[in-house]
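What follows draws every value from the coordinates through simple rules; no lab data is involved. No experiment lies behind these values; they were computed from the predicted model shown. Reconstructed Cβ throughout: ideal geometry from the backbone, glycine too, with neighbour counts over all protein chains shown.
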Amino acid sequence: MKSSYEIAQAQFDKAAQKLHIPDWIRDSIREPERNLSVDFPVRMDNGEVKLFKGYRVQHNNTRGPYKGGIRFSPKVGLDEVRALASWMTWKTAVVDIPFGGAKGGVICDPSKLSKTELERLTRRFTYELSSIIGPDMDIPAPDVNTNAQVMAWMVDTYSMGNHKVDFAVVTGKPLFLGGSQGREEATGRGVTIVTMEALKELKLEPKKMSAVVQGYGNVGSFASKTLAEEGVKVVGISDATAAIYDAKGLDLNDIDKYLKKNKVLFGYSKAQTIEPKEKLLEQPCDILVPAAIENQITKENAPNIKAKLIVEGANGPTTPEADEILNQKGVLIIPDILANAGGVTVSYYEWVQNLQREQWEYDCIIAKLKKKLVKAYGEVSQMSRVEKVDMRTAAYMIAIRRVADATEARGIFP
Ligand code: GLU
């Protein structure tokens, strides 16, 4: 199987070849501008010292400061971070917000770290990044296994080092610490906003639709809830421990109560357990939302997928081989760089509020988010019809064009 970065490059090449861009621009925006790798020690609670490895890849800042999340996971690697960083560049470009793309990560298993260990790891990693991040340089945010608390530690570490409080250095912060209304749910809500646009185009009634959501973290849980708000019946969900399915629809409130108590889905008995849990993707449903990690929909399971609409809540969940199979089957795929762009869009609003020392109201932010995503969806859909390409290629074509035009206009320094 191709690596995530090879997949990102292949997606770029497929779209770039349809555009007339000077070779030097195409080659330069294809590659990350900076790959930082750091090794740093952290003192564990028992006094032992452990070494950790982290990365920050800054892919492109032609249209604005680098922007993208930080993930903590044993699966983190430079290749993955490079892919994720480039997807951020195309994501911010396709929804047209004035940012570039970056991503970071630390190889660690946060479930095995205490809160104090996690704090020390976060603070030391922030220190390692402190010369290359900043409100006008590179603005991290939450991603897999990181959250508002981790962002609060980052703000504090960065601010202490600079002897001034600087909320705009990261987004996805707690509400009482420069965070934005609507940010926590933004990625999941964005998934639902674009799903509703697609259903409208397909002339399908949300109330007659069922959905399976893989991954029940920040993205998957809010996608499930907001889809349910629109009348979509959520029939299947999964987390890292289990997958559950009920054709009559799951009781999301009851599941939330269970998760509050048990932390993981494993052991939930009021729905059918799907084993192995990866088979959840193949269960009957109209809408499939992969909202976990990369490379979940592959050439092996793509032929068995029943959904007519796939909305990529995760980054990179579909391999190019699976893409081809699904496109041939007539499945509509709303690509990650559009489908999960709600998070970074509200991150942009958070950053603007921080810079202006303002606090906007929830309704205003959700309205802005909806307008942004509906517009981007319309542009991608139109490009796909005019150019007779799939939605992923159309989204890349729009994004690459924007970054290429900005590169050409800025020219070469010196
Ligand atoms: N981690 C999220 C993403 O992959 C959000 C990034 C951000 O808000 O900067 O889009």
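Below are the figures for this structure:
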read-out	value
³J(HN,Hα) computed for each position of the range 291-304 - Karplus, 6.51 cos²θ - 1.76 cosθ + 1.60, integer Hz, glycine/proline x	10, 10, 10, 6, 6, 9, 9, 10, 5, 6, 9, 4, x, 8
More than 28 Å apart - percent of Cα-Cα pairs taken over the chain	45 percent
Counting DSSP beta bridges with both ends in the range 1-72, the antiparallel % (nearest 5)	100 percent
Alpha-carbon gyration tensor eigenvalues x 5, square-rooted, for the range 200-274, Å	22, 12, 10
Derived scalar couplings ³J(HN,Hα) [the range 236-247; Karplus, 6.51 cos²θ - 1.76 cosθ + 1.60; whole Hz; x for Gly, Pro]	x, 9, 8, 10, 6, 10, 6, 10, 10, 8, 8, 4
Assigned charges on the beta-carbon of Lys, Arg, Asp, Glu; the chain dipole about Cα centre (debye)	420 debye
Anisotropy class of the range 322-414 from Cα gyration tensor, a/c 1.5 cut	oblate
Relative contact order (percent, whole number), the range 235-388, Cα cutoff 8 Å, 6+ residue spacing	15 percent
Amide H partners (placed H, <5 Å) of Gln214, local residues excluded	Val289, Ala291
Packing-based ranking, highest mean first, of 61-72, 204-215, 153-164 given that Cβ atoms within 10 Å are counted	61-72, 204-215, 153-164
Relative contact order %, the chain, counting alpha carbon pairs below 8 Å whose residues are six or more apart	17 percent
For the range 215-278: relative contact order, % (alpha-carbon pairs under 8 angstrom, 6 or more apart)	31 percent
Residue-by-residue Karplus 3J(HN,Hα) for the range 306-316, coefficients 6.51, -1.76, 1.60, Hz, glycine and proline x	9, 4, 9, 9, 10, 10, 7, x, 7, 8, x
Debye, to nearest 20: dipole size of the range 1-160, +1 on Lys, Arg Cβ, -1 on Asp, Glu Cβ	220 debye
Peptides 325-333, 7-15, 42-50 ordered by average Cβ neighbours within 10 Å, highest first	7-15, 325-333, 42-50
Across Lys279/Lys375; Lys207/Lys370; Lys91/Lys279, pairs whose alpha-carbon gap is larger than 31 Å	Lys279/Lys375
Cβ-based charge dipole, the chain, positive-most Cα from Phe176, Ile7, Ile133	Phe176
Between the range 344-383 and the range 96-120, the Cα center-to-center distance that results, in Å	24 Å
Segments 218-226, 32-40 sorted - mean Cβ within 10 Å per residue, highest first	218-226, 32-40
